[in-house]
Structures are given as C-alpha cells and as structure tokens.
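Undergrad: Let me begin by handing over the structure; questions about it come next.
Throughout, read-outs are computed from the coordinates displayed, never taken from laboratory work. What you are looking at is a predicted structure, and each value in this text was computed from that prediction instead of being measured. Note that each Cβ is placed from the backbone with ideal geometry, even for glycine, and that neighbours are counted across all protein chains shown.
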Ligand SMILES: Nc1ncnc2c1ncn2[C@@H]1O[C@H](COP(=O)(O)OP(=O)(O)OP(=O)(O)O)[C@@H](O)[C@H]1O
C-alpha cells in the first residue's frame, strides 16, 4: 500500500461511523423541515386520495364489463357494455388528472424541503470553527451536501407520494377484496404477514449496508477533491498513478458495498414477487373452482383478481418504498450529524458592544494548545499589550507559534488559559461578527474567489461603491495592472484567482483589506519570492495599509522587521524577547541570530541575482 500526507481517514463525525441512526427521531427532524410546506402536502394528499380511490374503481368496472359481454353471448343489447366503458374512460381520465397533480405537488414539496435542508447544512457549516475543518475532509462534507441530501430528496419527493397512494390502494383494495369474496380474501391475505416479515428483516440489513455505501462514497470523494485541487503537486511528482490507485481503492469499497446492497434488494424483490404471484396462482385455482360450482360469476373472479393484483403490487412497492426510506434514513443520519456539530466557540448571550474600536490588544497570561497532543501547550504564558496603531513584527523559528498567536485575535481558536482583550474587553465577550468586523486578515497564501476582480475586492465591504473599490485598488497598487486587462475590474480571476500572478493576487487581497478598513490588521507576509518590482509594489501597499492600524505582522522580510515599532520574538510558544530592532540587536540572543541569518541570506540572494 502507499500513503501520502492526509491519507488517514478524517475523523468520523460521531463514534462508530456505521452505527444505524435512530429512526424515529430522524423522521421527526425531517418532518420539521416539511412543516412550512404543509399546505402543499395537504393538497397532495387530497389528490392522492382521489386518484388512488378512483384506481380502486377499475377492477369492479372490469368485472362488470366481463359479465356485460361474456355472459351475454348472442345478445344485441350493448347498452350496459357501452355505459360501463364510458364510465371506465371517465374514471381513467379523472384518475390521471389527480395523479398528475399529486405527483407535481409532492415533488415540489420534496424539492423545497431539500433546498432548505441544503441551505441549513451549508449555513451551519459556515459557523463551525477552523478546528472542525482541520479534522474533516472537504470532500466528505460536500458529499454529505450533495449525495446524501440527494438520497433524501428521492424519498421526500417520489417515495412519499407513492407511500400515500399505495397505502390508500392497499387499505381500499383489502376492503373491496372482502366485499368481492371473503373466502378468497382470507386465502390471499394469509401471505401478507410473510411479506412484511421478510421486508423488515432484509430491510434492516439494507439500511446498514446503505450507510456503508454512503460512507465509502464520501471517503472517495474526499480523496478526489484533494487530488483535483492539488493536481499541480500530483502532476509535478508524477504521482497520478498513486492518486488513481487511492481513488480506485475507495471506489472499490463503495462498489462492493453497493453490490451487497443490490444483492439484498434483489433477494427481497425475488421473494416478494414469488409470494405475490404464488398467491395469485392459488386464487386462480380456488376461484376457478368457485366459478365452476356457480358460487361466483366469472366477472367477480376477474374483479377479485384485479383487486388482488393491485394489493399484491402495492405490498411489493410498499416494501420497495420501505427500502428507499431505509436508505434515506442512513443518509439523513449523516446530514443530521453535521447539523448537530456544535461550534467550539460559544457566543455569550449578551455580547459586549465595542463601539468605535481603538485597537488596543492585550494578552494576559495566555496559553493555548490545540488539544491533539495532550496538554503540551503551543503557546504559554503570553503577557504583552499592543497600543492602538502600533506595528508589531512577530519573528521566531518555524513552528514557534506565530500563526497560532495571530489566529487567537479573531477567535479562530479560543485561548486555553488567560485572556485576550481588545480595548479592555475579553474577546469571548464580544459578538464574533463584531469582533471579526474589526479585524482584517491578509494571509500568506492569498485566496481569491472565482468571480471578477471587483467582486473580490468588494468582499471586504459588500455594498461599497465602484469609486471606493477603485480607490482601494489604487492604494493597494493594483489599479494599474487591473486597468491593463481588457475587461478591467470585470475580469474573471478563475477559481482561487488562478488567472492572476502571485503578486497581483496579493495586491487584490490588500485592496480588499483596505476597503474593509479594520482597526486591527493581521498580516502573514508571503515567503514565496516575488520579483523585486512586484515585491516593492506589495511592500509599498502593505505599508500604506498598516498606517494607523494596530498591525501584527508575521515578518519574513528584513525591511518589515527593521521598521516595525516593536518586535516580539517567539520561541517554542513563548515570547523570549520584546523590543525595537536596535534594542534587540544590542541585547543579542535569539533575535540577533535570526536577523543575521536573514541578512546573510539576503546578501547571498543579491549576489546570485
Ligand atoms: N491546526 C493545528 N492543529 C494542531 N497543531 C497545530 C495546528 N496548527 C499548528 N499546529 C502546531 O502548532 C505549532 C505552532 O505552529 P504555528 O503555525 O503557529 O507556527 P509558526 O511560528 O507560524 O510557524 P511558521 O513560521 O513555520 O509558519 C507547531 O508545532 C504546529 O505543528
């Protein structure tokens, strides 16, 4: 077997991924989503009642038809035959109209419920913390949104409609069977408990296997998603065959589970069909004898046969619907697991308002650990205060905790001990929306969304005017390059901004942050080297962006480090030095070492250049 980073399965949302869900609580939750559409459902049920009720009239009329013709051999009175056929046509037409209305209304309800379900799951996902996304694969999550919700949709739109109509047909059919011939009915219905027993036993296994199918598809989806989004890395390592094998292995697992499901379903269908048609054969045998002895007319036997056929088909299709419900319960279990995920960043009931934010940031005895390596803290005993408008450079060796420290400020994670205050208020007491509204983030790897340049800048403050967008772009040194595009601000940037260069993407991201105009700025300087012209433009834009804002810069460039008003040096999660460049150079120690190393590297780069 091969492996690559991330090949371990993502954490299941709950213990025991294949645990069968609790049926009734889930059905109740699904019903809750259907509540707004009760009028549609009610109309749908009324139409079902009419259409299925009319279906029950057919067999009786067929019987009449038989007696009106076969028993009248040689008669010229065709009146009863004509009238019965006309009535039959009328019944067919009405039943068709009600059937179509029922199908439309219930499908519409299904589509609406499913759209709401998707929206609810997606908007819930958007509230979950980075911790959740760090432990769950994107592909698995999107699979729940698409494949699982799709399975539920089939049931809500079509199976629900059938469930109603078949139940009406079954109940009405059984009553009419007894009216037509009680003795034959007892004979026919003896087989029904056997059918239901089989359906329940095999159905339970089908549900378990269905859940396995969905889990396996989600896992394969997660692999595909990773390979597709990282296709450049895959191709550069010529690792296509590894990805193919990996995805192929996942698909094989789902295929095997699907085969097991198909076997179970086929077995069930076979048993059902034999039981149904076997019972019909017995009816023909016993009913034939009754006709021969003159106990019933041939028409009655035909009516009975049709009713029995209807009841048989209904029982078979109800078991099929039962299967579909089992599948949907498996799928809805996976959906509700997502909806049940609680964010680990609870909001206080009455958040404190910040009002006009100054931007004073204080760390008081802050410690933090990600919780996945026991109690080993990633950050510990952080004590410092940053004044409004101050620019702080964070430096330190790789893994020292710089990114982690910065992530605590917009509350991507909560401190494990101590407190983090903004303008004297603990960030946990502030509404997350207000807090993040005042914090701007320019990450190392700029993420643009597929859409136009203008839309990407507007992401900083939706509703801003085009003039404001252009001003922000000018301040970010982005206006000039945007203007050279034939479509200017309306240029589509491609997925993740792939059609722009690294430096261009950064400047669009800076324009976005300028438009947002936050009091506190978090900046992760890009380490990837830009050409010197592009770097100068980005640097210039960043400096303009930082003016007047409390700025935390994870610094990789000498110019940033030297010019910062204050430098915090981190080592193994602790602040080991704190001061200006000059102070720290005089003091010696880790900072001086890091600085000199950087300095040497830049000199070498210059020489090579
Ligand atoms: N989501 C996470 N879950 C668990 N541990 C993490 C997570 N992110 C980072 N870490 C760990 O926390 C420590 C600090 O990481 P962090 O990214 O904050 O360092 P850094 O100083 O920013 O490093 P670099 O300069 O290389 O980006 C590292 O040991 C890292 O392995």
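Undergrad: Can you give the relative contact order of the stretch 25-340 as a percent, counting alpha carbon pairs under 8 Å and 6+ residues apart?
TA: On the way: 331 pairs, mean separation 99.4, N = 316.
Relative CO of the stretch 25-340 lands at 31 percent.
Undergrad: For the pair residue 122 and residue 465, what calculated FRET efficiency results from E = 1/(1 + (r/R0)^6), where r is the Cβ-Cβ distance and R0 = 41 Å, to the nearest 0.05?
TA: Values: r = 29 Å, r/R0 = 0.72.
That gives a FRET efficiency of 0.90.
Undergrad: In the chain, what % of DSSP beta bridges are antiparallel (nearest 5)?
TA: Working: 18 of 37 bridges.
Taking every DSSP beta bridge within the chain, about 50 percent pair in antiparallel fashion.
Undergrad: For the chain, what does the helix formula give at 222 nm: sum of -39500 (n - 2.57) over DSSP H segments with n ≥ 4, over the residue count, nearest 500 deg cm²/dmol?
TA: Working: 23 runs with 376 residues, N = 609.
Rounded to the nearest 500, the figure is -20500 deg cm²/dmol.
Undergrad: Percent relative contact order of the chain, based on C-alpha pairs within less than 8 angstrom and at least six residues apart?
TA: On the way: 864 pairs, mean separation 86.9, N = 609.
Across the chain, relative contact order equals 14 percent.
Undergrad: I've got another one for you. Expected output is a single nm value to one decimal: the length gained when fully extending between residue 104 and residue 228, i.e. 0.36 nm times separation in residues minus the C-alpha distance. What is it?
TA: Working: separation 124, 0.36 × 124 = 44.64 nm, distance 3.82 nm.
Computed gain between residue 104 and residue 228 is 40.8 nm.
Undergrad: Let's test this: bin the Cα-Cα distances of the stretch 446-517 at 10 Å from zero up to the farthest pair and state each bin's percent.
TA: In whole percents, the pair-distance histogram is 24, 63, 12.
Undergrad: Another question about this same structure. Based on other C-beta atoms within 10 Å, arrange 340, 67 from fewest to most. Numbers along the way, then the final one.
TA: On the way: 340 11, 67 19.
Ranked by crowding around the Cβ, least crowded first: 340, 67.
Undergrad: Now, a different point. Roughly what angle does helix 240-292 make with the longest principal axis of the chain, taking Cα atoms, 0 to 90 degrees, to the nearest 10?
TA: The answer is roughly 20 degrees.
Undergrad: Exposure proxy check: 137, 496 ranked by fewest other beta carbons within 10 Å? Walk me through the intermediate numbers first.
TA: Details: 137 20, 496 15.
Ranked by crowding around the Cβ, least crowded first: 496, 137.
Undergrad: Taking 0.36 nm per residue of separation and subtracting the Cα-Cα distance, what length does fully extending residue 337 through residue 93 add?
TA: Details: separation 244, 0.36 × 244 = 87.84 nm, distance 4.57 nm.
Contour length minus Cα-Cα distance gives 83.3 nm.
Undergrad: Then there is this: First measure r as the distance between the Cβ atoms of residue 383 and residue 277, then evaluate 1/(1 + (r/R0)^6) with R0 = 60 Å and state the FRET efficiency to the nearest 0.05.
TA: Calculated transfer efficiency: 0.15.
Undergrad: Order these peptides, 207-218, 43-54, 444-455, by their mean beta-carbon neighbour count within 10 angstrom, highest first. Provide the component values of the computation, followed by the final result.
TA: Values: 207-218: 22.3, 43-54: 20.1, 444-455: 17.0.
Ranking, from highest mean packing down: 207-218, 43-54, 444-455.
Undergrad: I'd like to compare 464-471, 232-239: which one has the highest average count of other Cβ atoms within 10 Å, and what's the full order after that? Don't skip to the answer; put the middle values down first.
TA: Working: 464-471: 15.4, 232-239: 12.0.
By packing density, highest mean first, the sequence is 464-471, 232-239.
Undergrad: Hey, another quick one. Expressed as a rounded percentage, what relative contact order does the stretch 446-517 have, with Cα pairs under 8 Å and six or more residues apart? Don't jump to the answer; show the numbers that get you there.
TA: Details: 102 pairs, mean separation 38.6, N = 72.
RCO, the stretch 446-517: 54 percent.
Undergrad: Taking the 0 to 90 degree range and rounding to the nearest ten, how far is the long axis of helix 57-69 tilted relative to the main principal axis of the chain, both from C-alpha atoms?
TA: Roughly 30 degrees, rounded to the nearest 10.
Undergrad: Give me the mean projected area, in nm² to one decimal, of the convex hull enclosing the Cα positions of the stretch 370-449.
TA: Values: hull surface 27.5 nm².
Orientation-averaged projected area of the Cα hull: 6.9 nm².
Undergrad: Assuming R0 = 30 Å, can you tell me the calculated FRET efficiency for the pair residue 72 and residue 178, based on Cβ-Cβ distance, to the nearest 0.05?
TA: Numbers: r = 28 Å, r/R0 = 0.93.
Efficiency for this residue pair is about 0.60.
Undergrad: Now for a separate question. List the extent of the Cα atoms of the chain along each of their three principal axes, largest first, rounded to whole Å.
TA: Principal axes ranked by extent give 122, 52, 51 Å for the Cα atoms.
Undergrad: Using only the alpha-carbon atoms, how far is helix 38-55 inclined from the longest principal axis of the chain? Give it as 0 to 90 degrees, nearest 10.
TA: It works out to around 20 degrees.
Undergrad: If you don't mind, there's one more thing I want to ask. Over 28 Å apart: what share of the alpha carbon pairs of the stretch 25-340 falls there, rounded to a whole percent? Display every interim value, and only then the final one.
TA: Working: 27597 of 49770 pairs.
Above the 28 Å cut-off, the stretch 25-340 has 55 percent of its Cα pairs.
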